[in-house]
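Quick notes on the structure that follows.
Each value in this text was obtained by applying a stated rule to the coordinates, not by laboratory testing. Fair warning: this is a prediction, and the values are worked out from it, not measured in the lab. Reconstructed Cβ throughout: ideal geometry from the backbone, glycine too, with neighbour counts over all protein chains shown.
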Amino acid sequence: MRLLCLLFVLAASLLSAEGPAKTPAKKAVAANARQTPSLSDADLEKAIRARFAASRISADNFQVRVQSGVAILEGATNVIQRKGTATRLAKLAGARTVRNDIRISEAARQKAAQQLTGIRRAAVKTEQ
């Protein structure tokens, strides 16, 4: 009997430690609370440019335009990862959507392909 009571108390404490399950309505409210307030296109463009300036991607001098909350990124880079970084920074600044038209140089593509080939060879050698 004591064991049964102990198990019941333990189960009750575990359930209360997890907290109440979120209902769809509570999830929607939580999602809305996380959204950034709407910025004007000019303010959003300034925010994106500021994030770019504080990052290593500032060396690539990407062009930024914003139309109806959609950030349009243009330019060229020699580092593949900077294209993705630009998209992330624009979203973090508050862009609803990002159209990333940044071009990656052929030299950067070839370098990445060579690195992938080296990784694949190393993986094959270790499997044997």
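Of all residues being in contact with a helix residue (DSSP H, G or I) (Cβ under 9 Å, 6 or more places away or on another chain) and under 23 Å from Leu39 (Cα atoms) in the stretch 97-109, which is surrounded by the fewest Cβ atoms within 10 Å (Cβ to Cβ)? Just the residue, please.
So the residue we want is Thr97.
Which pairs turn up if I take residues in the stretch 47-72 that are farther than 18 Å from Asp101 by Cβ and look for partners that are of a type in the set (Val, Ile, Thr) with beta carbon separation below 7 Å, at least 6 apart in sequence or on another chain?
Ser55/Thr85
Just give me the residues in the stretch 53-90 being surrounded by 15 or more Cβ atoms within 10 Å (Cβ to Cβ) and among the charged types (D, E, K, R), in sequence order.
Within the stretch 53-90, Asp60, Arg82, Lys83 meet the criteria.
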